[in-house]
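Peer 1: Here it is, the structure in full.
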Amino acid sequence: MHTTFSITRVTSNTCSSASSSSSSATIMTSTSTLTTATTLLTSVAAFLLLSVAINCHIVITEAMPGSSLGVHVVRSPESAVAPKGDEVVFECELNLSPERLKWKFRHSSKRAIDGSNFHYLSVEEGYNVTNEDRTSKLRVFVQLETLGDYQCVAWFGSAAIASTSASLTLVSITIDNSNGYSRNAIRWNVAPKNCALIRCGIVTSNPTAIWNFYRNGEKIQQTDSVPTSGALILNTVTSKDSGNYTCSARNPITGQEVKLPQRIDLRVDYSDRTPPYFLAQPPKQVTARPGDTVVLECPGVGSPPPGAVWSSPNVVNMNNNRTHMLPYGLQINNVLTEDQGSYVCRLDNGIAPALVHIIKFTVLEKPKILRGPARTSANESETLELECSATGNPYPDIYWLINGVDTSEDKEMLHDGRRLVIQHVQKRHAGIVQCFAKNEVGEISEANRLNVNPKQIHGGSTAGGNVPLRLPYEHGGGKNKGKKKHRTATMIPPSRPNVTRLSDDSVMLRWFIPKNDGLPIQFFKVQYRMLGGGSHKLPRENWQTTNDDIPFGKRNRNLDSLKNFTTSVTGLKPDRYYKFRIIAVYSNDDNREGNTSAKFFLQRGDALGLSKSNLPVPILNRVESVSSSAIMLHWSLPIAMTGQSEVDGFYAYYRPTSSAGEYLKATVDGMDTRKFKIDMLESGTAYEFKLQSFNELAASEFSSIIQGKTKKSLSTITPINEALDPSSKASDVENSVYPLVAGAAGGGILLLIVSVTACLCVKKRKNSQTEDQNKPQLDHMQADFVTPQVLSVSSHHKNGSSGSRLNGVLPRMNITPNPLAQEADKL
């Protein structure tokens with residue numbers, strides 16, 4: 001097995017080339033120049049961070065178009081380093097105006113790798129928060145109690161999205177004694193013409209310190225030496241460079257300066273021939289970020305001065321225009337990820353042994369989410385598992401937030417990094433789920449929505465049916481006979497409507513009525529209210545009521561499940577906030593409103609980057625007549641769905657073919673559903689059907705229209721005349737002959753016949769009355785088929801209460817809640 005090395009020889013031993021390469025670094029001695037440069041660097045850094053954030057968002061959106069929420073954080077707060085007593089401003093901006101925006105804080109003593117230990121800040125506690133449309137600013141007075149992490153959270157209804165966090169750190173500078181630097185003087189003997197690299201020690205400074213070097217107590221001027229990374233480089237040393245060297249480091253913000261105790265006594269003198277060696281052991285591990293400039297130090301000396309040969313066992317293209325050989329190391333400009341690896345420096349001056357130094361170079365990378373959480377719908381109480389994969393160097397820590405709350409604070413959550421398991425999904429989990437990836441270089445997040453289908457809770461039913469009546473009184477037996485019994489029926493309100501965008505000026509509303517024993521509902525009305533614009537302030541409007549009455553439809557004998565309703569609202573204006581609610585009108589002409597919907601922003605389709613063409617158009621294959629009141633729809637989706645958005649469900653439209661009125665609508669939830677039964681249709685009637693697919697942002701084009709007809713009803717009652725036996729007519733004819741035969745028998749027995757006939761007539765008249773009473777009349781037969789259970793009427797009626805019936809049948813009463821409708825009917 002052979003290993004290939006990339007080898008480059010140094011053609012010069014002198015340090016003359018180092019002067020031009022490193023002359024760009026200077027020591028800033030002027031306060032005004034330092035302030036200007038710091039401000040410029042901060043502005044450039046902020047611009048680069050914002051550009052990277054925007055680019056990352058664009059990449060994620062293009063890579064996963066189906067996961068776009070339509071809302072995202074445009075600018076997250078940026079970390080800051082400030083002196084005590086200063087004021088720092090954190091800023092957060094979203095692409096849409098949230099209903100409310102708050103800030104969270106976690107003290108530096110409680111810092112963790114996840115999103116735990118945060119608490120919300122309030123204006124009442126003295127925090128200065130300014131919210132303007134889509135932007136929020138937090139002003140913080142720097143002190144020990146305010147050091148830590150800050151994060152903004154924005155709410156859109158009950159869903160919330162959080163920004164990445166920013167840290168506030170106090171300006172500081174301290175000496176790091178972990179590397180064994182001592183207060184004693186160290187003596188170095190160096191032959192002339194070598195390059196010497198002097199380092200007095202290491203300091204921990206925030207931000208990076210500025211170094212100053214002294215020889216025999218006098219500060220070395222910039223023209224004589226250039227400090228890099230806390231090291232002084234002496235080019236082609238001579239006897240003039242001999243002396244005692246000391247160092248100091250200064251914080252560029254506070255100006256605080258610390259003097260390192262290490263002293264180095266450098267002696268430059270001719271010596272015997274010696275192999276290469278290091279004055280001080282150079283670092284074996286070096287880290288840098290992409291775009292940085294780094295020097296892999298290999299400052300060997302000897303007599304004569306040695307030359308260096310660089311190679312790498314795992315860096316393929318080490319020779320490029322970004323790599324430069326220096327007498328004291330290898331400089332890499334504009335570091336890239338592929339520069340990471342092991343580098344071998346071999347120093348040789350012709351005198352054995354040669355000196356070999358291996359450096360492990362690591363390129364730090366910001367986290368990048370490879371696959372974020374998928375858009376998910378889950379049923380309440382079920383177990384749900386979500387995944388999020390990320391990369392970065394070092395490998396990032398992954399944590400999860402649901403509606404701005406860290407999942408580690410929820411007992412229902414289990415997570416082991418990339419996997420999040422919700423053991424029992426609850427309604428409070430519905431909203432926005434976010435995956436965060438964080439390491440020492442940076443932090444990134446990706447979000448998607450989590451829909452929770454609530455568990456259906458069905459109430460009990462009464463013995464007399466599902467529709468209790470409001471009865472003024474009932475007659476009962478015993479002591480309570482004739483006394484009034486009051487019974488008040490309840491009005492079950494509609495649910496909160498679910499709002500889905502249809503177009504730039506219309507939305508679709510979906511709501512349901514749960515199983516109940518309340519008053520029957522005649523129809524619904526829809527109300528909406530405009531709350532203002534997104535980018536400009538508009539006054540709120542009053543509640544508006546739509547003109548259409550949404551019929552309840554036929555009521556089942558046993559309403560054993562919830563009943564869904566769907567309608568569209570048109571004539572709206574884009575780029576505005578709306579709220580919607582449903583009003584139910586009951587059989588007693590009273591009404592009750594349901595809960596108001598969440599605040600809904602009707603955004604333009606071009607702003608969303610979505611259109612109807614992005615959603616697959618359902619293919620309505622066939623309609624199947626199931627019964628006299630139900631038809632089953634069967635459909636499919638196009639096979640090629642590349643580049644198309646995922647759907648949440650389908651809208652089914654239907655109406656009788658003989659009608660030119662509005663379509664009735666039904667909602668079919670679930671993108672994998674391929675058939676749906678529409679019931680409560682008229683018997684033997686032809687209908688036309690069409691479909692739409694939809695998601696939370698838009699709806700597709702309509703499918704082709706297909707007609708279908710319900711089966712004819714088999715419960716037709718046979719007319720009474722046809723039900724009579726034909727033999728009875730022959731019997732009547734036969735009976736009519738007997739009086740003639742009796743008359744022809746002779747007048748002798750006429751008196752007897754007359755008397756017998758008179759008796760028979762009296763008897764026959766009595767029998768005829770009895771037959772009339774027993775004959776099955778039409779009204780009574782209808783009453784037998786229309787039982788109290790069919791009419792949904794309680795069987796509490798006694799025989800004494802028959803005054804409320806007509807021939808045993810309840811009277812039909814039509815109540816028009818709108819008086820103007822009666823006049824319209826007359827016209």
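Peer 1: Residue pairs, Cβ under 9 Å, 6 or more apart or interchain, first in the range 646-665 and among the polar types (S, T, N, Q), second in a strand (DSSP E or B). List them.
Peer 2: Listed by first residue and then by second, the contacts come to T657/A686; T657/Y687; T657/E688; T657/Q707; T657/K709; S658/A686.
Peer 1: Further question on the same structure: Go through the range 356-398 and report how many residues are in a strand (DSSP E or B) and either under 30 Å from N453 (Cβ atoms) or open to solvent by 40 Å² or more (accessible area, probe 1.4 Å) (or both).
Peer 2: Qualifying residue count for the region: 22.
Peer 1: S381: of a type in the set (S, T, N, Q), farther than 17 Å from I113 by Cβ and at pLDDT below 90, yes or no?
Peer 2: Against the criterion (of a type in the set (S, T, N, Q), farther than 17 Å from I113 by Cβ and at pLDDT below 90), S381 qualifies.
Peer 1: May I ask you to list the residues in the range 482-519 that are modelled with pLDDT of 85 or more, surrounded by fewer than 17 Cβ atoms within 10 Å (Cβ to Cβ) and of a type in the set (S, T, N, Q)?
Peer 2: Listed by number, the list holds a single entry, S506.
Peer 1: Which one of these does G148 not meet: (1) more than 26 Å from the chain's Cα centre (by Cα); (2) open to solvent by less than 60 Å² (accessible area, probe 1.4 Å); (3) under 26 Å from Y395 (Cβ atoms); (4) without any contact (Cβ under 8 Å) to a residue 40 or more places away in the chain?
Peer 2: So G148 meets the others, but not (4).
Peer 1: Can you spot a residue in the range 112-132 that is open to solvent by 50 Å² or more (accessible area, probe 1.4 Å), of a type in the set (V, I, T) and in contact with a Phe, Trp or Tyr (Cβ under 8 Å, 6 or more places away or on another chain)?
Peer 2: yes
Peer 1: Mind listing just one residue for me: the one in the range 68-91 that is under 23 Å from the mean Cα position of the chain (by Cα) and farther than 22 Å from D575 by Cβ and, of those, most open to solvent (accessible area, probe 1.4 Å)?
Peer 2: The qualifying residue most open to solvent (accessible area, probe 1.4 Å) is E91.
Peer 1: Only residues that are open to solvent by less than 40 Å² (accessible area, probe 1.4 Å) and of a type outside the set (A, V, I, L, M, F, W, C): list them for the range 226-245, please.
Peer 2: P227, G230, D241, S242, G243, Y245
Peer 1: Among residues belonging to the range 586-609 that are at pLDDT below 85, part of a loop (DSSP other than H, G, I, E, B) and in contact with a strand residue (DSSP E or B) (Cβ under 9 Å, 6 or more places away or on another chain), point out the one that is least open to solvent (accessible area, probe 1.4 Å).
Peer 2: My answer is Q603.
Peer 1: Related question: Among the residues of the range 291-305, are any touching a residue at least 12 places away in the same chain (Cβ under 8 Å), open to solvent by 60 Å² or more (accessible area, probe 1.4 Å) and closer than 30 Å to N206 by Cβ?
Peer 2: yes
Peer 1: Right, another one. Only residues that are crowded, with 17+ Cβ neighbours inside 10 Å and among the aromatic types (F, W, Y): list them for the range 520-537, please.
Peer 2: F524, Y528, listed by residue number.
Peer 1: Given the residues T228, T204, T238, which is the only one that is at pLDDT below 90 and either over 16 Å from E297 (Cβ atoms) or over 55 Å from the mean Cα position of the chain (by Cα) (or both)?
Peer 2: After ruling out the rest, the residue left standing is T204.
Peer 1: Continuing with this model, one more query. Name the pairs: first residue in the range 379-408 and under 28 Å from P98 (Cα atoms), second residue part of a strand (DSSP E or B) and charged (D, E, K, R), Cβ to Cβ under 6 Å, at least 6 apart or on different chains?
Peer 2: Sorted first by the residue in the range 379-408, then by its partner, the pairs are E387/R419.
Peer 1: Go through (1) of a type in the set (V, I, T); (2) open to solvent by less than 30 Å² (accessible area, probe 1.4 Å); (3) closer than 24 Å to E87 by Cβ; (4) in a strand (DSSP E or B) and name the single condition I161 misses.
Peer 2: All conditions pass for I161, except number (3).
Peer 1: Moving to a separate point now. Output the residue which, of all residues in the range 666-685 that are in contact (Cβ under 8 Å) with a residue 60 or more places away in the chain and crowded, with 17+ Cβ neighbours inside 10 Å, is farthest from I639 (Cα to Cα).
Peer 2: It comes out as A666.
Peer 1: Among the residues that make up the range 403-413, is at least one of them under 14 Å from the mean Cα position of the chain (by Cα) and assigned to a strand (DSSP E or B)?
Peer 2: Looking through the range 403-413, at least one residue is under 14 Å from the mean Cα position of the chain (by Cα) and assigned to a strand (DSSP E or B).
Peer 1: Among the residues of the range 506-540, which ones are closer than 30 Å to T135 by Cα and more than 29 Å from the chain's Cα centre (by Cα)?
Peer 2: If the condition is that a residue be closer than 30 Å to T135 by Cα and more than 29 Å from the chain's Cα centre (by Cα), then P539 is the only one that fits.
Peer 1: Is there any pair with a first residue in the range 167-192 that is crowded, with 16+ Cβ neighbours inside 10 Å and a second that is hydroxyl-bearing (S, T, Y) and modelled with pLDDT of 90 or more whose Cβ atoms are under 6 Å apart and which are 6 or more apart or on different chains, and what are they?
Peer 2: Close Cβ pairs satisfying both conditions: S167/S79; A191/S303; P192/T238.
Peer 1: Then there's this: Looking at the range 314-335 only, could you name the residues that are open to solvent by less than 60 Å² (accessible area, probe 1.4 Å), part of a loop (DSSP other than H, G, I, E, B) and either on the phi > 0 side of the Ramachandran plot or not polar (S, T, N, Q) (or both)?
Peer 2: Within the range 314-335, V315, M318, R322, P327, Y328, V335 meet the criteria.
The values are calculated or read from the model by the stated rules, or taken from the named source; none is laboratory data. Everything numeric in this text was worked out from a predicted model, so none of it was measured. Positions of Cβ are generated from backbone atoms using ideal geometry, with glycine treated the same way; all protein chains shown enter the neighbour counts. Note: areas computed on protein heavy atoms with side chains; ligands, DNA, RNA excluded. Shrake-Rupley method; radii C 1.70, N 1.55, O 1.52, S 1.80 Å.
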